[in-house]
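Notes for the one structure printed next.
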Amino acid sequence: MELLNNILVKPFVDMVEAPDFLMQVLWEGLVSGILYALIALGFVLIFRSSRIFNFAQGIMVVFAALALVGFHQLGVPAWISVILSLGVMFVLAVSIERVVLRPLVGQPDIILFMATIGITLFLIGFGELIFGGENKVMITEELGIPTGEFIFEPFGGFLLLEQKDVTAVVVAAVLVVALLLFLNKTRMGRAIRALGDDHQAALSVGISLQTIWVLVWFIAGIIALVTGIAWGARAGVSFALEVIAYKALPVLMLGGLESITGAIIGGLMIGLLEKLFEIYWGQPLLGGNTETWFAFVLALFVLLFRPQGLFGERIIERV
Amino acid sequence: MLYRTSGQFKTSYTADMALFPVRQDAILLAIILAFAWVILPLTASEFAFQTLLIPILIYSLTAMGLNILTGYAGQLSLGTAAFMGVGAYACYKLVTIMPWMNPVVAILMSGFFSAGVGVMFGIPSLRIKGFYLAIATLAAQFFLVWLFEKWAWLYNYNASGAIQVPNLDMFGVTVAGPTADSMTQYYVVLAIVSLMTMLCINLTRGTLGRTWKATRDMDIAAELIGINLMKSKLTAFAISSYIIGVSGALFVFMWRGAAEPNLFDIPLSFRILFIAIIGGLGSILGNYLGAILIVGLPVILNTLPQTFGLPISSATVEHLNIMIVGSLIIFFLIIEPHGLARLWALIREKLMIWPFPH
């Protein structure tokens, strides 16, 4: 009874008793959820247009952030370093397409997946060689990101929103809207979606596979840079950031590998639920640190009922 | 010339399907076995045992376990390291609860625990396929590693949270623990790995192996010709996890000597996957070739700068190492996506008709 009470009743009583704390928890969950969604977006874009499960998205986040900080440390003004790091991401996209993807066109999915793990290892070694392995501070202030706090007092309580988190949420929202507009309204965007729908049909109407692949990897690079800035402002820039890439995987499972909406909603859901679970169930009952696995187990249960994720394309198999 | 098959006639189906249809294969294997059992142990140094021979054997075994699941039954798994951990922790509990137990028996028994856990995490594979399943196995990876850390009973409430291998005797000889001799450990590992390899070769050639291959190639078609998918997938999970569990126990008891939870973290899983893929999915030989490459390469790269007297710091060497391993993975995938085993098969075919290819 004691255990049942602890699992089923007490957490909810706690939530109602301290609504301001609950809101704080939800806000934290929302912010991390947005960042998971951003990384998942990078995955989805590449998966849709090329069926490549891009494991390197996480290290691209680190690499973009390190390049940004690295340029600034050389004395380049903050905004110019942003442009320079975008250039780095473009060069990266072109070279990945040239060196890795082009020779591997048409190989089984798992081979391409392994190749992206190879890219990950290469970038880890390369990044540590150039930028060093130590933790760096993101150039938050130089980029004009506010660092103050908003303090609210709902229900006579206390709620603290860091301004850089608010900025991250706003920027992420703008980025998502821009991306959706780009994919739906522009010629290039339509070409990307066409390639995702049917490779051969897209090729036959004259869409260039190589251009689109470079473009898609470059967009993933832009997303990586934004994620890197937002996450780096919270936790500093280091190779430990790479592990958040793993967090994007359950988001993909939950939302479906092909769906942009799924990535966003899945990201928010996982961000919120894992924070709630950690605070109200994980820490008091399981000894904490449940955030490492909760999202995966949750996604696993959802998949048992919907094998293609919540928003994924229905899997149709023909013999 | 060396591989000429002329004169070796097969008069029955059994002879054609024999383990060594070509006599030279058997001779080559005999030479390799002689090397592994007699010549290498006599000539190898302590350094070679610890950095090359023992790890190569253990990694080959783990990769073989993964290969059964991914290469033969077609179920991609990213949770290998966690199943190794289950084997290692199970073995630790077995030898600390029952210290009189023969360590080899304990190692072989610990595989059953990881087989059980493997079947449990294999159940979703009945509904989930492809990359979705791969991510689902990550649930096992992260959950189990968390459990190793939080469940203090597993490491006997040690203050350090790590498991230490005690001294274990078998027939009066210390085979595991701080005072064990490398050569003894090598022989124990070699014996278990040889046994398991024989088991795997025959399993994959038999009914079970063919059911797995049918499931891998197209599961709906396999179901239509009367294969029970549930049985086929779950046996693959069970046998693969058993082998991985045993190799995990060997990994800690015969090589590392101690383990903490994060040893079984995701980089280890990827390492095993690299070995299996670079060696060749759906091949037994490939696991050995892959392990030799992945284990041997960093050792060679580490010693290169010293031999040439280049003034490079060890941290730089470490980073260069990761870079080179990453690029080599891509390189090998590009030149032969089917792995080193396929490369060997091509060479062997060429040798058979050499020097007159027409």
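The values are calculated or read from the model by the stated rules, or taken from the named source; none is laboratory data. Everything numeric here is computed off the predicted structure, so don't read it as measured data. Positions of Cβ are backbone-derived with ideal geometry, glycine not excepted, and every protein chain shown enters the neighbour counts.
Going residue by residue through the range B:242-263, is there one that turns out to be more than 30 Å from B:Tyr157 (Cβ to Cβ), out of contact with any strand residue (DSSP E or B) (no Cβ under 6 Å at 6 or more places or on another chain) and crowded, with 24+ Cβ neighbours inside 10 Å?
Yes; the residues of the range B:242-263 include at least one that is more than 30 Å from B:Tyr157 (Cβ to Cβ), out of contact with any strand residue (DSSP E or B) (no Cβ under 6 Å at 6 or more places or on another chain) and crowded, with 24+ Cβ neighbours inside 10 Å.
Out of (1) loosely packed, with under 14 Cβ neighbours inside 10 Å; (2) in contact (Cβ under 8 Å) with a residue 60 or more places away in the chain, the odd one out for B:Pro41 is which?
All conditions pass for B:Pro41, except number (1).
Is it true that B:Phe237 is out of contact with any Cys (no Cβ under 7 Å at 6 or more places or on another chain), surrounded by fewer than 15 Cβ atoms within 10 Å (Cβ to Cβ) and over 30 Å from B:Ile322 (Cα atoms)?
No.
Mind checking which residues of the range B:117-128 are touching a helix residue (DSSP H, G or I) at 6+ places or on another chain (Cβ under 8 Å) and either without any contact (Cβ under 8 Å) to a residue 12 or more places away in the chain or of a type in the set (D, E, K, R) (or both)?
B:Arg127, B:Ile128 - these are the residues of the range B:117-128 that are touching a helix residue (DSSP H, G or I) at 6+ places or on another chain (Cβ under 8 Å) and either without any contact (Cβ under 8 Å) to a residue 12 or more places away in the chain or of a type in the set (D, E, K, R) (or both).
For the range A:1-100, which fully contained helices (runs of 4 or more DSSP H) count at least 1 residues that are hydroxyl-bearing (Ser, Thr, Tyr)?
A:19-50, A:78-95
Quick check on my filter: what residues within the range B:213-253 are over 16 Å from B:Tyr72 (Cβ atoms), within 14 Å of chain A (Cβ to nearest Cβ) and part of a helix (DSSP H, G or I)?
Passing the criteria: B:Ile220, B:Ala221, B:Glu223, B:Leu224.
Regarding the range B:202-212, can at least one residue be identified that is more than 14 Å from every other protein chain (Cβ to nearest Cβ) and among the aromatic types (Phe, Trp, Tyr)? Lay out the reasoning, then the answer.
First, pick out the residues of the range B:202-212 that are more than 14 Å from every other protein chain (Cβ to nearest Cβ): B:202-212.
If we keep only those that are among the aromatic types (Phe, Trp, Tyr) too, we end up with B:212.
Yes, the range B:202-212 has at least one match.
Which condition does B:Ser125 not pass, out of (1) within 13 Å of chain A (Cβ to nearest Cβ); (2) modelled with pLDDT under 80, if it passes all the others?
(2)
Can you tell me which residue among B:Ile322, B:Ile330, B:Ile335 is among the hydrophobic types (A, V, I, L, M, F, W, C), within 11 Å of chain A (Cβ to nearest Cβ) and over 22 Å from A:Ile59 (Cα atoms)?
B:Ile335
Any idea which of B:Tyr92, B:Tyr3 is crowded, with 23+ Cβ neighbours inside 10 Å, touching a residue at least 60 places away in the same chain (Cβ under 8 Å) and over 20 Å from the mean Cα position of the chain (by Cα)?
Matching residue, one of B:Tyr92, B:Tyr3: B:Tyr92.
Would you mention how many residues in the range A:238-259 are in contact (Cβ under 8 Å) with a residue 60 or more places away in the chain, outside any helix (DSSP H, G or I) and buried (at least 20 other Cβ atoms within 10 Å of the Cβ)?
Selection size over the range A:238-259: 2.
If B:Ser313 passes every condition in (1) touching a helix residue (DSSP H, G or I) at 6+ places or on another chain (Cβ under 9 Å); (2) within 14 Å of chain A (Cβ to nearest Cβ) but one, which one does it miss?
Result: B:Ser313 fails condition (1) only.
Restricting to the range B:130-161, and then to whatever is within 21 Å of B:Ile266 (Cα to Cα) and in a loop (DSSP other than H, G, I, E, B), can you tell me which residue is farthest from the other protein chains (Cβ to nearest Cβ)? Quick ask: steps written out before the conclusion?
Step one: of the range B:130-161, the residues within 21 Å of B:Ile266 (Cα to Cα) are B:130-151, B:154-155, B:161.
The next check asks that each one be in a loop (DSSP other than H, G, I, E, B); those that pass are B:151, B:161.
Details: B:Trp151: 9, B:Gly161: 12 Å.
It comes out as B:Gly161.
On the given criteria, is B:Val189 within 30 Å of B:Gly326 (Cα to Cα) and either surrounded by 15 or more Cβ atoms within 10 Å (Cβ to Cβ) or among the small types (Gly, Ala, Ser) (or both)? Spell out how you get there, then give the answer.
Numbers: within 30 Å of B:Gly326 (Cα to Cα): yes; either surrounded by 15 or more Cβ atoms within 10 Å (Cβ to Cβ) or among the small types (Gly, Ala, Ser) (or both): yes.
Yes; evaluated as a whole, the condition is true for this residue.
Out of the residues in the range B:310-358 meeting the condition of being within 23 Å of A:Phe126 (Cα to Cα) and assigned to a loop (DSSP other than H, G, I, E, B), tell me which one is modelled with the highest pLDDT.
Among them, the one singled out is B:Ser313.
Can you list residue pairs whose Cβ atoms sit under 6 Å apart, with the first residue in the range A:118-137 being within 9 Å of chain B (Cβ to nearest Cβ) and under 27 Å from B:Ile272 (Cα atoms) and the second being part of a loop (DSSP other than H, G, I, E, B) and not hydroxyl-bearing (Ser, Thr, Tyr)? Count only pairs 6 or more apart in sequence or on different chains.
Hits for this filter: A:Ile119/A:Ala56; A:Thr120/A:Phe55; A:Thr120/A:Ala56.
Would you mind telling me which numbered condition in (1) closer than 25 Å to B:Thr174 by Cα; (2) among the aliphatic types (A, V, I, L, M); (3) modelled with pLDDT of 90 or more B:Ile68 fails?
(1)
Can you confirm whether the range B:223-232 contains a residue that is of a type in the set (Lys, Arg) and crowded, with 22+ Cβ neighbours inside 10 Å?
No, the conditions are met nowhere in the range B:223-232.
Name every residue in the range B:122-168 that is touching a strand residue (DSSP E or B) at 6+ places or on another chain (Cβ under 6 Å) and among the aliphatic types (A, V, I, L, M), in order of residue number.
Hits for the range B:122-168 are B:Ala162, B:Ile163, B:Val165, B:Leu168.
Within the range A:275-287, does at least one residue satisfy the condition of being within 30 Å of A:Gly70 (Cβ to Cβ) and facing another protein chain (nearest Cβ under 10 Å)?
There is no residue in the range A:275-287 that is within 30 Å of A:Gly70 (Cβ to Cβ) and facing another protein chain (nearest Cβ under 10 Å).
Among the residues of the range B:322-358, how many are under 22 Å from the mean Cα position of the chain (by Cα) and more than 24 Å from A:Asp109 (Cβ to Cβ)?
2
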